[in-house]
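The values are calculated or read from the model by the stated rules, or taken from the named source; none is laboratory data. Quantities reported herein were computed from a predicted structural model and do not represent experimental measurements. Cβ: placed from backbone, ideal geometry, glycine included. Neighbour counts: every protein chain shown.
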């Protein structure tokens, strides 16, 4: 569904403040936010790209070491539980994961999901991009860059979590390389970079997911944002693209 009153967009610094306040001021821990993000990502993957039926579909999940990767790992768990054949490709060994994403990775290992360092050769029905989220401040490097290029070479659609890896969350600058996503599920509030002209060819369809942020958090200093009941009817809403006045980017 498309919300008639689009929510405000936030910069990377503002989103860092949201995450800080969630944990420090409201006592909502990172693992809860990660679970909400990953389950919503899995729901959108199934509903939008797997014809509403996960059974027998082959999905490749690309996961980085941070919070974005942790959300993708949660998504992998839910898709597996729903019947998908899921392979997870990670950018670094398990010992280099941040603590909370490392817990998610340990769960997948306990479940017996394949976790590999090189993407599988078999064609996928869908690729999940959870390599780097709003913490990105420069072009992806090393294994992260290799996985971005691999994703862009696939015939399967790519669904990105929060932002396509390689896209600056605040300015919308597309670094080399940047994932070309068929759709992006951004979290809590859209990032300002997603509305830049430079982001239009990379973000694809834009959706927004609820991760449990209280509206009162947004209203307090230093954010001072007025955010309505965006998710009153659904945990995921479709966002309108920023149409140009000449209509040149209408689809």
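General remarks:
- Candidate set: the stretch 99-139, residues that are touching a helix residue (DSSP H, G or I) at 6+ places or on another chain (Cβ under 7 Å) and in a strand (DSSP E or B); chosen: the one farthest from residue 169 (Cα to Cα): 115
- Test: residue in the stretch 67-86 that is part of a loop (DSSP other than H, G, I, E, B) and touching a residue at least 40 places away in the same chain (Cβ under 8 Å): yes
- Failed condition for residue 65, given (1) modelled with pLDDT of 95 or more; (2) over 20 Å from residue 167 (Cα atoms): (2)
- Residues in the stretch 235-247 that are part of a loop (DSSP other than H, G, I, E, B) and at pLDDT 95 or above: 235 only.
- Checking each residue in the stretch 201-220 for being out of contact with any helix residue (DSSP H, G or I) (no Cβ under 6 Å at 6 or more places or on another chain), in a helix (DSSP H, G or I) and closer than 11 Å to residue 183 by Cα picks out 201, 202.
- Residues (farther than 20 Å from residue 39 by Cα and surrounded by 14 or more Cβ atoms within 10 Å (Cβ to Cβ)) located in the stretch 204-231: 204, 217, 218, 223, 225, 227
- Total residues in the stretch 23-51, condition part of a loop (DSSP other than H, G, I, E, B) and in contact with a strand residue (DSSP E or B) (Cβ under 7 Å, 6 or more places away or on another chain): 1
- Residue 163 free of Cβ contacts under 8 Å to residues at least 40 places away in the same chain, within 22 Å of residue 45 (Cα to Cα) and either part of a loop (DSSP other than H, G, I, E, B) or touching a helix residue (DSSP H, G or I) at 6+ places or on another chain (Cβ under 7 Å) (or both): no
- Unique match (being at pLDDT below 95, more than 17 Å from the chain's Cα centre (by Cα) and surrounded by fewer than 19 Cβ atoms within 10 Å (Cβ to Cβ)) among 93, 120, 99, 114: 120
- Count - residues of the stretch 181-203 that are more than 19 Å from residue 17 (Cβ to Cβ), surrounded by fewer than 23 Cβ atoms within 10 Å (Cβ to Cβ) and under 13 Å from the mean Cα position of the chain (by Cα): 2
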